[in-house]
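The values are calculated or read from the model by the stated rules, or taken from the named source; none is laboratory data. Note that the structure is a prediction, hence the values are computed from the model and not measured. Here the Cβ positions follow ideal geometry from the backbone for every residue, glycine too, while neighbour counts run over all protein chains shown. These accessible areas exclude ligands, DNA and RNA; they are computed on the full protein's heavy atoms, side chains included. Shrake-Rupley method; radii C 1.70, N 1.55, O 1.52, S 1.80 Å.
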Amino acid sequence: MKTRDLLKLPDLKLAQAISTMKGKECEKHARNYTRILGIEFEKAIMHATHAAMFSQSDDPVKLRTYKAIVDLVASDTEYGEREATILTALLLAHISKKMDLVQSLVAQTPPFAMS
């Protein structure tokens with residue numbers, strides 16, 4: 001599915017589509033969507049990752065990430081909350097699937113043996 005077609009889906013179907021995507025597909029759509037919004041993908045992913053993993057806030061991870069992306073979208077574009085919400089969902093799905101991949105690779109790696 002093309003990113004523009006994905007964006008035409010109603011909110012519930014869009015959320016379902018994002019939740020069932022594979023990691024590479026999430027990244028592709030996140031990259032395309034940041035391009036549509038006029039935001040650098042690397043900047044968006046860094047904001048999302050920092051908010052999710054390194055924020056000092058007590059807010060839940062998804063809320064911290066959402067707030068960071070809303071701020072980014074508001075400061076760098078003329079788009080609003082819906083666009084920030086979609087971008088947050090794509091970025092969180094991408095980050096989550098990458099972390100799952102890393103964890104599965106770590107679990108498969110034999111422990112380091114000291115000789």
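Looking at 90, 72, just one residue is within 20 Å of residue 101 (Cα to Cα) and touching a helix residue (DSSP H, G or I) at 6+ places or on another chain (Cβ under 7 Å), and that residue is 90. Scanning the stretch 1-25 for residues being within 19 Å of residue 100 (Cα to Cα) and either in contact (Cβ under 8 Å) with a residue 24 or more places away in the chain or open to solvent by less than 80 Å² (accessible area, probe 1.4 Å) (or both) gives a total of 7. Of all residues in the stretch 63-71, one or more are of a type in the set (A, V, I, L, M), within 21 Å of residue 4 (Cβ to Cβ) and open to solvent by less than 90 Å² (accessible area, probe 1.4 Å). Contact map, the stretch 43-57: residues that are open to solvent by 50 Å² or more (accessible area, probe 1.4 Å) paired with residues that are basic (Lys, Arg), Cβ distance under 6 Å, separation 6+ or inter-chain. No pairs are found.
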